[in-house]
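**Student:** Below are the structure tokens for one structure; questions will follow.
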Amino acid sequence: MLSKKALGINPSPTMAIDSKAKEMKSRGIDIIGFGAGEPDFDTPLHIREAAIRAINEGHTRYTPAAGTPELKEAIAAKLKTVNGLTYNPGQIVVSNGAKHSLSNVFTALLNPGDEVLIPIPYWVTYPELVSLNDGTPIPVKTAEENNLKATPAELEKVYTDRCKALVLNSPSNPTGQIYSEQELRAIADFCCARNIYIISDEIYESLIYGSCRHASIASFSSEAADLTILVNGVSKSYAMTGWRIGYTASTPDLAKVMANIQSHQASNPNTIAQKAALAALEGPQDCVEEMRLAFDERRRYMYDRVRSMPLLQALEPQGAFYLFVSVTEAIGRSFKGDKIYASDDFAAHLLDSRRVAVVPGTGFGSPDYIRLSFATSMDNIVEGLDRIGAFIEDLA
């Protein structure tokens, strides 16, 4: 008999959609994929060259479990310069990607029955990681009129004395929304008053558009900083998804516990990738801006096109590289005699008939939505949206 806990974990729908699209492409089928949550750019040259040097210079052995001192120092310097946060290297734990960092956080924090508040829509992995670590994920319903961002009043509705933490993701996957400083201060006050941890996932902080600004909730007070576990990494900002380097910044006691956990589960983050991440943080940053500008152009085009289509409503993304689209008006309609009951049906028919892969919102806790990624070429975006438009016309 396999572990009941493990059997209860759902596969990632984003990875499933991406895998299916790639499998269909391998069979020669012309697929437009809007599912991937990774930049379509190559890792910048100076970062790749740093990795090659690391191999040639023999940096292929174990490092300290929580990361090399030089990389942790670079991360602390970045947090000070960019985010206005003061951490010493001993408060930084470098892991094999931000997802691994989150796993460390929940392993270190949760006891059986502890509750974690997770605003809807959420990144698909949050509730699964909570469950894997014997916690209870508590979905927090949010309002469309507030662009699906959680408020203290909504958190209060589901808060109990078993609540251990809140997961906050800004910029958000899947919505692309950003919490304003005023909104973050209100949430910080809520958490500080109840002494609950704030797990702040800031992995998309470099991908922000228009006049929006990113603020870290840990920057508002020493009390908020002590309760915040900041999660970040190099995957999205530097097109380094496959390199698997993420990190946390937290109190010294919590960092020590997470480092101990990681020492047994993974020994250390990839040695060569740590050298590459160091080059990313300390090297030229123009590559980040070049990618951001390209994403912004795609963002504006995709949002305008989708907004002009019947039956679809979309939130204008302020960050990240996703468009979260309501298909509520399409639900209840039929495609070639088959009724659409939720976004899963919408996505399945779209893939089978028009060869466009999107992620249904069910895995995000929002079954009336789909997520489109604009981390793909403009040519793909134009063609894919043409196909979606044609699919909409086929609905009766």
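**Student:** I need the full set of residues from the range 308-349 which are buried (at least 24 other Cβ atoms within 10 Å of the Cβ) and part of a strand (DSSP E or B), in order please.
**Tutor:** Result: 319, 322, 323, 324, 325.
**Student:** Could you check, for the range 295-314, whether at least one of its residues is touching a Pro at 6+ places or on another chain (Cβ under 6 Å) and at positive phi?
**Tutor:** No, every residue in the range 295-314 fails to be touching a Pro at 6+ places or on another chain (Cβ under 6 Å) and at positive phi.
**Student:** Kindly provide the set of residues from the range 75-99 that are under 16 Å from residue 270 (Cβ atoms) and either out of contact with any Ser or Thr (no Cβ under 8 Å at 6 or more places or on another chain) or surrounded by fewer than 18 Cβ atoms within 10 Å (Cβ to Cβ) (or both), ordered by number. Even if it seems obvious, please write down each step before you answer.
**Tutor:** Of the range 75-99, the ones under 16 Å from residue 270 (Cβ atoms) are 75, 93-99.
Selection gives 75, 96.
**Student:** While we're on this one: Among the residues of the range 254-272, are any surrounded by fewer than 24 Cβ atoms within 10 Å (Cβ to Cβ), on the phi > 0 side of the Ramachandran plot and either out of contact with any strand residue (DSSP E or B) (no Cβ under 9 Å at 6 or more places or on another chain) or part of a helix (DSSP H, G or I) (or both)?
**Tutor:** Yes; the residues of the range 254-272 include at least one that is surrounded by fewer than 24 Cβ atoms within 10 Å (Cβ to Cβ), on the phi > 0 side of the Ramachandran plot and either out of contact with any strand residue (DSSP E or B) (no Cβ under 9 Å at 6 or more places or on another chain) or part of a helix (DSSP H, G or I) (or both).
**Student:** Still on this structure: Among residues belonging to the range 129-155 that are within 18 Å of the chain's Cα centre (by Cα) and in a strand (DSSP E or B), point out the one that is surrounded by the fewest Cβ atoms within 10 Å (Cβ to Cβ).
**Tutor:** 139
**Student:** If a residue has to be more than 16 Å from the chain's Cα centre (by Cα) and buried (at least 21 other Cβ atoms within 10 Å of the Cβ) to count, how many in the range 210-221 make the cut? Before the answer, list the steps.
**Tutor:** So in the range 210-221, the residues more than 16 Å from the chain's Cα centre (by Cα) come out as 210-213, 215, 217-221.
With the extra rule that they be buried (at least 21 other Cβ atoms within 10 Å of the Cβ), the set shrinks to 217-218.
The qualifying residues number 2.
**Student:** Only one of (1) at pLDDT 90 or above; (2) of a type in the set (S, T, N, Q); (3) surrounded by fewer than 15 Cβ atoms within 10 Å (Cβ to Cβ) is not met by residue 26, so which one is it?
**Tutor:** (1)
**Student:** Given the conditions (1) out of contact with any Ser or Thr (no Cβ under 6 Å at 6 or more places or on another chain); (2) part of a loop (DSSP other than H, G, I, E, B); (3) surrounded by 23 or more Cβ atoms within 10 Å (Cβ to Cβ), which single one is not true for residue 191?
**Tutor:** Exception for residue 191: condition (2).
**Student:** Of the residues 239, 266, 249, 255, which is touching a Leu at 6+ places or on another chain (Cβ under 6 Å) and not hydroxyl-bearing (Ser, Thr, Tyr)? Step through it out loud before you land on a result.
**Tutor:** Values: 239 fails: touching a Leu at 6+ places or on another chain (Cβ under 6 Å); 266 fails: touching a Leu at 6+ places or on another chain (Cβ under 6 Å); 255 fails: touching a Leu at 6+ places or on another chain (Cβ under 6 Å).
Of 239, 266, 249, 255, the one residue that is touching a Leu at 6+ places or on another chain (Cβ under 6 Å) and not hydroxyl-bearing (Ser, Thr, Tyr) is 249.
**Student:** A further question follows. Is it the case that the range 183-200 has a residue that's modelled with pLDDT of 95 or more and within 16 Å of residue 95 (Cβ to Cβ)?
**Tutor:** Here is the first cut: in the range 183-200, the residues modelled with pLDDT of 95 or more are 183-200.
Next, from what is left, pick out any that are within 16 Å of residue 95 (Cβ to Cβ): 199-200.
Yes, because at least one residue in the range 183-200 is modelled with pLDDT of 95 or more and within 16 Å of residue 95 (Cβ to Cβ).
**Student:** Next question. Mind listing whichever residues of the range 133-174 are among the hydrophobic types (A, V, I, L, M, F, W, C), in contact with a helix residue (DSSP H, G or I) (Cβ under 9 Å, 6 or more places away or on another chain), more than 28 Å from residue 39 (Cα to Cα) and in contact (Cβ under 8 Å) with a residue 24 or more places away in the chain?
**Tutor:** Across the range 133-174, the qualifying residues are 138, 155, 163, 165.
**Student:** From the set of residues in the range 356-379 that are surrounded by fewer than 18 Cβ atoms within 10 Å (Cβ to Cβ) and either among the polar types (S, T, N, Q) or touching a residue at least 60 places away in the same chain (Cβ under 8 Å) (or both), which is nearest to residue 22 (Cα to Cα)?
**Tutor:** Step by step, filter the range 356-379, then rank; the result is 377.
**Student:** Between residues in the range 216-245 that are in contact (Cβ under 8 Å) with a residue 12 or more places away in the chain and residues that are of a type in the set (Lys, Arg) and buried (at least 24 other Cβ atoms within 10 Å of the Cβ), which pairs lie under 8 Å by C-beta distance while being six or more apart or on different chains?
**Tutor:** Partner pairs satisfying both residue conditions: none exist.
Residues are listed down the side, and each one gets a yes or a no for (1) among the hydrophobic types (A, V, I, L, M, F, W, C); (2) modelled with pLDDT under 95; (3) under 20 Å from the mean Cα position of the chain (by Cα); (4) not in a loop (DSSP other than H, G, I, E, B):
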position: 366; (1), (2), (3), (4): no, no, yes, no
position: 372; (1), (2), (3), (4): yes, no, yes, yes
position: 383; (1), (2), (3), (4): no, no, no, yes
position: 386; (1), (2), (3), (4): no, no, no, yes
position: 396; (1), (2), (3), (4): yes, yes, no, no
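**Student:** Sticking with this one: Is there a residue in the range 107-120 that is at pLDDT below 95 and assigned to a loop (DSSP other than H, G, I, E, B)?
**Tutor:** Step one: list which residues in the range 107-120 are at pLDDT below 95, which gives 113.
Checking the rest, the ones that are also assigned to a loop (DSSP other than H, G, I, E, B) come to 113.
Yes; the residues of the range 107-120 include at least one that is at pLDDT below 95 and assigned to a loop (DSSP other than H, G, I, E, B).
**Student:** Sticking with this structure for a sec: Checking residue 294 against (1) in the same structural domain as residue 216 (by TED's automatic domain parsing); (2) under 16 Å from residue 42 (Cβ atoms); (3) not basic (Lys, Arg), which single condition isn't satisfied?
**Tutor:** (1)
**Student:** Got a sec? Which of 304, 352, 296 is at pLDDT below 95, surrounded by fewer than 23 Cβ atoms within 10 Å (Cβ to Cβ) and in a helix (DSSP H, G or I)? Working first, answer last.
**Tutor:** Values: 304 fails: at pLDDT below 95; 296 fails: at pLDDT below 95.
On inspection, the qualifying residue turns out to be 352.
**Student:** Okay, moving on. Just a yes or no: is a residue in the range 156-175 of a type in the set (A, V, I, L, M, F, W, C), at pLDDT 95 or above, surrounded by 22 or more Cβ atoms within 10 Å (Cβ to Cβ) and assigned to a loop (DSSP other than H, G, I, E, B)? Spell out how you get there, then give the answer.
**Tutor:** If we filter the range 156-175 for residues that are of a type in the set (A, V, I, L, M, F, W, C), which is where we start, we get 158, 163, 165-168.
Checking the rest, the ones that are also at pLDDT 95 or above come to 158, 163, 165-168.
Then keep just the ones that are surrounded by 22 or more Cβ atoms within 10 Å (Cβ to Cβ); that gives 165-168.
Now restrict to residues that are assigned to a loop (DSSP other than H, G, I, E, B): none.
No, because not a single residue in the range 156-175 is of a type in the set (A, V, I, L, M, F, W, C), at pLDDT 95 or above, surrounded by 22 or more Cβ atoms within 10 Å (Cβ to Cβ) and assigned to a loop (DSSP other than H, G, I, E, B).
The values are calculated or read from the model by the stated rules, or taken from the named source; none is laboratory data. Note that the structure is predicted; figures quoted are calculated from it, not measured. When we count neighbours, we look across all protein chains shown, and the Cβ atoms used for this are built from the backbone with ideal geometry, even at glycine.
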